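See structure below.
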Amino acid sequence: MREGSPHRGTGALFLKANSLKSGQELILGITLISMLCSFLEVMQQMIDTETVRVADECWLALALLHRENPDRRSFSPREVYARLKEEGACSEVRPGVKPHIYVQNVANRPPNPARHRLFYRLEDGTVRLFRPGDECNPSRNGKTKPDRSGLPEKYHPLLDWYENEYCKREAAADDVDPVLAMRGVGKEIWADEGGDAYVERERNAWVSDVTDVDPNGKLKRVWQRVVAHQGEEFHTRTGKPFTYTVDGESGLWFYRDGRRINKRLWRKHFEKAVSRCPLDKTTDIADCYDPSYLFGLLMDERIRGTEW
């Protein structure tokens, strides 16, 4: 091709056009990649948001309140709910949020059914984050904080704050339940007396009380006959058979068809009924347990003897 030929100009234009087209395609490709990355980031945020558990979302709201209000020790359930809505960790407020704030997350309330130990409820009805050492319902053995893997990464510093700062604080004095705080008060009174010795002393006092109110010894004689005839068959006024066993000096147990009736007849009730003998009907001892069996026992010749 000779210099100055018109074909040379045409080739230059063709190359320039191709270069321009390649540049536009590169820009378009970069733009598409950028849009795709943004889309994937948004989708990941949506996935993270929707996978936060209800219990953990409630914990986040209360933890944020603590971080934002360091001078306050606790918050009302309404404040926790409002902060949860404001934070918007999930796309919408789920139905289980309120039950978790009021019951499911609260360590010192009976489980219903969740056993989380994320909140601690104070006497005034407010709540704070649970910390190791807090009193909790014996049936609760669940988690005390969210799992790190279950929280979006932006909340991981909040979990660090809870573990490294909040849990190391000592509970405020007014966090302690006043009734539970009395545990152990007066223990020095029984320091030199075991449980068995205490019970024996009390039983001996019952016997001496009987002596004081039974100058003729009638109560003692009747009780001795009751002890002697335990295990034998007796009958109620309507003819129903029963037996009984004596439980030391404290009272006795009735049995029907070989099964123990699940309530003890205390010695004082027995003595009260004896003091009213002879009896005409079971209603005479309606305030004693169990009048039908007790009537059959006291009006039997083996027990009453010649007393009435």
How would Tyr293, Tyr162 line up from fewest to most surrounding beta-carbon atoms within 10 angstrom?
Tyr162, Tyr293
Once both labels are modelled 7 Å past Cα along the beta-carbon direction, what's the Arg221-Glu233 spacing in nm?
3.0 nm
Take the alpha carbon atoms of the range 212-263, find their center, do the same for the range 77-132, and report the distance between the two centers in whole angstrom.
54 Å
Points 7 angstrom from Cα along the Cβ direction at Trp266 and Thr245: gap in nanometres?
2.2 nm
Charge dipole of the range 235-289 about the Cα centre (unit charges at C-beta), most positive-ward option of His269, Phe254, Leu279
Phe254
From fewest to most C-beta neighbours within 10 Å, the residues Phe130, Phe75, Phe254 line up as Phe75, Phe254, Phe130
Which value, in debye to the nearest 20, describes the size of the charge dipole of the range 54-170 about its Cα centre when Lys and Arg Cβ atoms bear +1, Asp and Glu Cβ atoms bear -1, and nothing else is charged?
320 debye
Tell me, Val80, Val54 in order of fewest to most beta-carbon neighbours within 10 Å?
Val54, Val80
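The numbers here are math on the coordinates, done by the rules we state, and not lab data. Since this is a predicted model, take the numbers as computed values, not measurements. Positions of Cβ are generated from backbone atoms using ideal geometry, with glycine treated the same way; all protein chains shown enter the neighbour counts.
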